[in-house]
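A.B. asks: Encoded as structure tokens, here's the structure I'll be asking about.
Each reported figure results from applying straightforward, stated rules to the coordinates on display, with no laboratory input. All values reported here derive from a predicted model rather than from experimental measurement. Every residue, glycine as well, gets a Cβ built from its backbone with ideal geometry; the counts of neighbours run over all protein chains shown.
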Amino acid sequence: MCNVCIPLELQWDRLVSIGHYWIGDAILMRPRGAFLCANPHPQQPPRIQCASMPFAATLDGRSWAVFALGAALGAGLAAALIRRPLRGPAAWIGGMYPWASPICAAGSHGSRDGDGHRLDGDFVDDEILSEQLTRNCQFFGEDAQRRVAASFVVVVGLGGVGSHAAHLLLRSGVGHLRLVDFDLVSLSTLNRHAVATREDVGTPKATCLKKHFEQILPEAKVEAQVVMYTDESEGSILTGNPDFVIDAIDNIDTKVSLLAACVSRGLKVLCVGGAGAKADPTRLRFADISESSVDPLARAVRHRLKKNHGIERGVPVLLSTEKPQCALVSLGAIESGNPLDYQIVPGFRVRTIPVLGTSPALFGMASASYVICSLAGRPFQGEPVFQMQMAQYDTQLARLEEREEARGVTQSEMQVDVNDVAVLVRDVWRGVSAAHLGRPGCGKDKGLNRNTSHLVLTRWDSKRPATADNLVLLEFDEADAHDQTDLRDLRQRDPDFVSHVEGVLASCRRMFGL
């Protein structure tokens, strides 16, 4: 084989080209075995070399023409074989090339409903589906991917953020999607929409996505609702007990109503903050709504949720800590007349927000990742929004060393350092006492700072050493009481608290590789 070989990658996999037929010799070249050799010697013509054959044929111009004709005939034959059941010549090729048999035999795609959609979410027995979702299975594991396939997600708002979120949910194998938006695709939205083309301009965003999604994953059940979220449409939009709802609405009033309805119904929901006028992808953060003071849209939503519905926390939000790079388009840019005439519907803003197309795409993909990992049972905790000073970590390490010294452990015997403490205090325990984390009253600090003067790290299980996966952040009096408590008694008194802490410590164990 020559020094410079370019694989032709003649894959059987979903391609009509299974090989090139050489007229005269009738040789079927094996997939992944053919190479177009770009010979470094200009005086010698290019050659075709097949890894499964110990020869290389030198072709002149006429032979190249014959070869091209043979390739076309071979592609046509391959297309015919793929569309036929395994019998006759197709069976012979399937027997000769075992890798071809699953494709020819894949005539059944599991249990489906009347519209051709899968009912059971079990993709494993479907050769095409299992191959399409192979990388997800390798990442999550087969059982977790089954949970994703059996999940039902509602996406409300299908602009730049929502379309990309729905797109990646589909490609990741979510079996049932409900897509909700009253608006139409316009030329100005093509800079940020996930799949829309010029042919889709003027069509509803929901039906546009459904049309394209049927080409990507036809086995998924995709519902399109061309409707605005209102109190009247709430029932039809949230019916069916969805596993997750993504709020990708950019109107504050509608956004607040949807979030409040999800909380009232006990539905998991992710609120997405404003992507307009933003550009920096490194500033995206997941936070509780109570910590959403850095994003203008999320901050307004937090204020109205608390004022109108008494909801202060418990709603995750995706936001950017970046300050807007530009302002709303001025009213002077709008043609003469009443500015209210340019509202899509009453109550919606008149002025538009400049949008860099990459930003809503990033928000949408990040939202999809959050939801998919949650559905798979592999939720992640993003980097906190708040900031802490190095002196705070030094103080926490000194307090831990003091408590360990009382147990007879010297400083040289400590199994954690200041870098470990920084991860534990900020990333693992989020600068909040474990006794309050995730419960009403936690996260009293808002904005970009966190006060830890009343907190200390102590052992969770007093019989085990103070390793990273056995340290819990508590207030001083809580830590003193915990040190005197038998863990078995605590499991009986407060099983929910113990389960929560041990779940965090398990993720900490994976994080530190312990």
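A.B. asks: With the calculation restricted to Cα positions, what are the radius of gyration and Dmax of segment 283-326 in angstrom?
C.D. replies: Gyration radius and largest Cα-Cα distance of segment 283-326: 10.5, 33 Å.
A.B. asks: Taking the Cα of K306, stepping 7 Å toward and past its beta carbon, and measuring to each backbone N in segment 235-263: which are under 18 Å?
C.D. replies: In segment 235-263, the label zone of K306 (backbone N under 18 Å from the point 7 Å along Cα→Cβ) covers 253, 256-257, 259-260.
A.B. asks: Putting +1 on Lys and Arg Cβ atoms and -1 on Asp and Glu Cβ atoms, find which of M414, S374, G357 reaches farthest to the positive end of the dipole of segment 348-430.
C.D. replies: Result: G357.
A.B. asks: Among F286, V222, I249, whose Cα lies farthest out toward the positive end of the dipole of segment 222-306, if unit charges sit on the beta carbon of Lys, Arg (+1) and Asp, Glu (-1)?
C.D. replies: It is F286, whose Cα lies furthest towards the positive end.
A.B. asks: For A72 and Q492 in one chain, what is 0.36 nm times their gap in residues minus the Cα-Cα distance, to one decimal in nm?
C.D. replies: In short, 143.9 nm is gained.
A.B. asks: Around T189, with a cut-off of 13 angstrom between Cβ atoms, what is the net charge of the other residues, counting Lys and Arg +1 and Asp and Glu -1?
C.D. replies: -1
A.B. asks: Within 10 Å of each candidate Cβ there may be at most 13 other Cβ atoms; applying that plus a DSSP loop requirement, which trypsin sites (Lys or Arg not before Pro) in segment 379-432 survive?
C.D. replies: Counting only loop positions with at most 13 other Cβ atoms within 10 Å, the trypsin sites (Lys or Arg not before Pro) in segment 379-432 are R407.
A.B. asks: Still on this model: When the chain is fully extended, how far beyond the present Cα-Cα distance does D183 get from K463, taking 0.36 nm per residue of separation?
C.D. replies: Separation in residues times 0.36 nm, less the Cα-Cα distance, equals 94.7 nm.
A.B. asks: Here is a further query. By the scheme Lys and Arg +1, Asp and Glu -1, what is the net charge of all other residues having a beta-carbon under 14 Å from that of A406?
C.D. replies: Working: positive: R399, R403, R407, R459; negative: E401, E402, E404, E405, E413, D480, D483.
Neighbour charge sum, excluding A406 itself: -3.
A.B. asks: Can you order the peptides 489-495, 508-514, 150-156 by their average number of other Cβ atoms within 10 Å per residue, highest first?
C.D. replies: Ranked by mean Cβ neighbours within 10 Å, highest first: 150-156, 508-514, 489-495.
A.B. asks: Treating segment 158-270 as a set of equal point scatterers at the Cα positions, no solvent, please give the Debye-formula log₁₀ I(q)/I(0) at q = 0.11, 0.13 Å⁻¹.
C.D. replies: Scattering profile of segment 158-270, log10 relative to I(0): -0.33, -0.47.
A.B. asks: Points 7 angstrom from Cα along the Cβ direction at D480 and E214: gap in nanometres?
C.D. replies: The modelled label-to-label distance comes out at 6.9 nm.
A.B. asks: Also, I was wondering about something else. Find how much the distance from S412 to S233 grows on full extension, using 0.36 nm per residue of separation minus their present alpha carbon separation; answer in nm with one decimal.
C.D. replies: 58.0 nm is the gain from fully extending S412 to S233.
A.B. asks: I've got another one for you. Tally Lys and Arg at +1 and Asp and Glu at -1 over the other residues with C-beta under 13 Å from the C-beta of P242: what net charge comes out?
C.D. replies: Net charge in that neighbourhood comes out at 0.
A.B. asks: Which whole-number percent of Cα pairs in segment 187-230 have a distance greater than 14 Å?
C.D. replies: It works out to 51 percent of all Cα pairs.
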